[in-house]
Amino acid sequence: LCLLFISVLFLTLQLLFLALFPGAFNCCMKISDEIPKGILRRVEKFETQKDDGLCHLEAVILHIKGKKFCVNPRNTKVKKMMKKMKHKIHRRKFHLRKQRRTRTNKQKEQTQ
C-alpha cells in the first residue's frame, strides 16, 4: 500500500512538472559548430535558446521540414542567415500592409 502511494505521488509530480515546464525536455543538449550551406538555405524558421532558463546551453534551433538542428549562435554563417530571414519577414509584412491599403482605397473610390 505504501509503495502504491509513493508511485502515484511520483507520477503526479512528474505530470505536474511537465504541465508547468513544457519546454524542459525540448532543450538542445549539444550544438554543432559547423553547418553546411545547403542546410542553411532550406531553413523554414529558427528560434533562439537562452542559457538562463531551463536550458543550460545557448543555441539557435533551425527548423527544416519537421527536423530540428541545434547550432552555435556565434557561427558567422548562422548569424547571416538569421539576419537575412528577419529582413525577408519584415519586407513581406510591409508589402502585405501596402496591398491592403490600396485595396481599401480602391473600394472607397468605387463607392463614391
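The values are calculated or read from the model by the stated rules, or taken from the named source; none is laboratory data. As the structure is a computational prediction, the values presented were derived from the model and not from experiment. Glycine also receives a Cβ, built like all others from the backbone with ideal geometry; neighbour counts cover every protein chain displayed. The protein model used for the area step is the full one, side chains on, heavy atoms only, and it has no ligands, DNA or RNA in it. Shrake-Rupley method; radii C 1.70, N 1.55, O 1.52, S 1.80 Å.
Descriptive notes on the structure:
- For region 50-68, taking the residues that are closer than 14 Å to residue 32 by Cα and open to solvent by less than 70 Å² (accessible area, probe 1.4 Å), the one that is farthest from the chain's Cα centre (by Cα) is identified as 57.
- Within region 30-44, the residues that satisfy the criterion of being in contact with a helix residue (DSSP H, G or I) (Cβ under 9 Å, 6 or more places away or on another chain) and in contact (Cβ under 8 Å) with a residue 24 or more places away in the chain are 34, 35, 37, 40, 43.
- Per the conditions (1) modelled with pLDDT of 90 or more; (2) over 15 Å from the mean Cα position of the chain (by Cα); (3) surrounded by 11 or more Cβ atoms within 10 Å (Cβ to Cβ), the sole criterion not satisfied by residue 41 is (3).
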